[in-house]
Amino acid sequence: MKRHSQSPVLWPYLRVYSAALFIIAAYILAACGGAAPEAEFVEARASINRGEIVEAQDIRVAEYVQYFDQQLPAPTQDAVGLDLRLGNTQLPVTGGNAYLQIGLQAREISSTNDTLPLNLAFVIDASGSMDEADKMPLVKRGLITFIEQLDPDDQVAIVIYNNDATVISGARFVDDGKWVREAVERIQPTGNTNLHAGMMEGFRQVDANFDVRRNNRVILLTDGVANKGQVDPYRIAADALSYNERGIQLSTIGLGADYNGDLLSDLATQGNGGYSYIDGAAEIDRVFRENAATFREMVATDIKLALIPEPGIQLVTLTGVNGTLPTDGVSVPMWDLSTNSYQVLLAKLDANSVTRYGTGMQKIATVEVTYFDESARREQTLRQDVTVELLDPLYNYNPLWDLEVYRNVVIQDTAEGLREISNLFDAERYEQAWYLAGQLEAQLNDVFALTNDPQIDEQARLLRKYQQTLSSAVYEINGRAPDTRYLRASDLETLRGETQVQRLPEVQLDN
């Protein structure tokens, strides 16, 4: 079976610090555009559709979760809104696990008049590998779609790169956009991939017209690995950093099967830009149309989220963090937020020691968010308590009764499950990998039956296709179709005992 892999990650995603409060720098979460990668789900989808096994190291759980649409309330006064949601607002006095969804939502824009104008450079891969029906034509279509979202006074430069970098249009006001469309249509792929030269020329174009009253940004697009000029990813990242530190943001977009996803993700991370992956026409429309607003203006930077459980309450898991967590609280640095963007974090709390509190309303944790408000130019703090109602008795307790939290936990389960499938495949436990894919599909189908969410349905269909790939592997190795009779009893346990099928309360209709 073919495996899809990428080069080593440049920037570590998990670091541990010591302080008065134990602080974890978790997997930095991905917003929908703006300042964070959002490519994990799309990359996994592309690998599955190609009949490949998704590599465990290619799944960053936090980024996978952030791809999916969320229904978070928009802030009415602050630049960022904090939304806390429990999987169940009730808890048996005898204790149990509690799931907490933490959502951050940046303010929306009512019109482009509310945002900074752009000083933007498109840097487009025009190497020979782009000369395919599902690459350059889609890129041209996406760029034209993006231009349609811009204002006449936005400033745009267009740079292409192959053997070297070429400025096909220096910085100009968009006006009616006709000149941009004509410039884009003239691009013809040929030659090698001098990504470094193209990126640096894009930075120079933006730097030459740098204006603190504008959003200064480079958007870099490629389908391959740098193979001309400077090819060392560490050197490429270091050269980009010199411009990032001067206030020029960098967003990256990958497409195809052979690009360096880790490099694009890391460039976007240090450049406070978004990293996206395109696997087809629908995705290019989504990236260039739906996310156009997130390129507009940075709302909040230097965001830190602290989750502090009450005495006796233990933090068990946190989205994107592996291993044992400190039980007395964590502080997580989050991605910056641009207009219309959001982030979601899921925490599992062990509340088996609540017996001492008795019945009634009880605080089990506190969430505090600090951020720098880019508009007000000052630090802001949001703080909310997490409270549950302790009941005695509370029969058939379901910690995932809330459908929104249940949906997101299952999405997270899916990402973690894809990583485990890869590990099982590497261990030559092909039947177990096939069975786990079936479990993941069943969970997604449960959620879809309750929510009718098309994104969940798409995931379920992907897992069904993945089972076919894994079934083929079983047949190739064992000479037979996979069968649960060949699995151990431990392999047949549910993926997550608490992630169960939702049962809505029965009602009687009036006669």
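Observations on the model:
- Segment 137-164 residues that are modelled with pLDDT of 90 or more, paired with ones that are assigned to a helix (DSSP H, G or I) (beta carbon under 6 Å, 6 or more apart): A157/Q205; I158/A183; V159/G198; V159/E201; V159/G202; Y161/A197; Y161/G198; D164/A197
- Residue match in segment 144-157 (condition: in a loop (DSSP other than H, G, I, E, B) and among the β-branched types (V, I, T)): no
- Among the numbered conditions (1) in contact with a Ser or Thr (Cβ under 8 Å, 6 or more places away or on another chain); (2) of a type in the set (K, R); (3) outside the structural domain of W434 (by TED's automatic domain parsing), the only one that R377 does not meet is (1).
- For V212, the conditions (1) under 26 Å from G142 (Cα atoms); (2) part of a loop (DSSP other than H, G, I, E, B) are fulfilled apart from (1).
- N340 being in contact with a Cys (Cβ under 9 Å, 6 or more places away or on another chain), assigned by TED's automatic domain parsing to the domain that holds N215 and modelled with pLDDT under 90: no
- Flag for L100 being within 30 Å of G329 (Cα to Cα), surrounded by 22 or more Cβ atoms within 10 Å (Cβ to Cβ) and aliphatic (A, V, I, L, M): yes
- Residues that are buried (at least 24 other Cβ atoms within 10 Å of the Cβ), over 18 Å from L150 (Cα atoms), in contact (Cβ under 8 Å) with a residue 40 or more places away in the chain and of a type outside the set (A, V, I, L, M, F, W, C) within segment 246-265 comprise G254, S265, listed in sequence order.
- Only one entry of L394, L390 meets the criterion of being crowded, with 18+ Cβ neighbours inside 10 Å and at pLDDT below 95, and that entry is L390.
- Leading residue by the ranking (nearest to the chain's Cα centre (by Cα)) among those in segment 160-186 that are charged (D, E, K, R) and more than 30 Å from V231 (Cα to Cα): R181
- Flag if L349 is outside any loop (DSSP other than H, G, I, E, B) and more than 25 Å from D78 (Cα to Cα): yes
- All told, D223 meets the bar of being farther than 19 Å from D239 by Cα, among the acidic types (D, E) and crowded, with 22+ Cβ neighbours inside 10 Å.
- Residues that are β-branched (V, I, T) and farther than 21 Å from R419 by Cα within segment 448-470 comprise just one, T451.
- Test result for Q343, in a strand (DSSP E or B), in contact with a Ser or Thr (Cβ under 8 Å, 6 or more places away or on another chain) and not aromatic (F, W, Y): no
- Residue tally, condition touching an Asp or Glu at 6+ places or on another chain (Cβ under 8 Å), at pLDDT 90 or above and closer than 17 Å to K135 by Cα, over segment 217-244: 1
- Checklist (1) under 27 Å from R286 (Cα atoms); (2) buried (at least 19 other Cβ atoms within 10 Å of the Cβ) applied to I236, failing item: (1)
- Any hit, segment 333-341, residues being without any contact (Cβ under 8 Å) to a residue 60 or more places away in the chain and of a type outside the set (S, T, N, Q): no
- Output for segment 391-434, where each listed residue is under 21 Å from V61 (Cβ atoms), part of a helix (DSSP H, G or I) and more than 26 Å from the chain's Cα centre (by Cα): Q432
- In segment 117-134, of all residues being surrounded by fewer than 19 Cβ atoms within 10 Å (Cβ to Cβ) and of a type outside the set (D, E), the one that is modelled with the lowest pLDDT corresponds to A133.
The values are calculated or read from the model by the stated rules, or taken from the named source; none is laboratory data. Note that the coordinates shown come from a computational prediction; the quantities given were computed from them, not determined experimentally. Quick reminder, even Gly has a Cβ in these numbers, built from the backbone with ideal geometry, and neighbours come from all protein chains shown.
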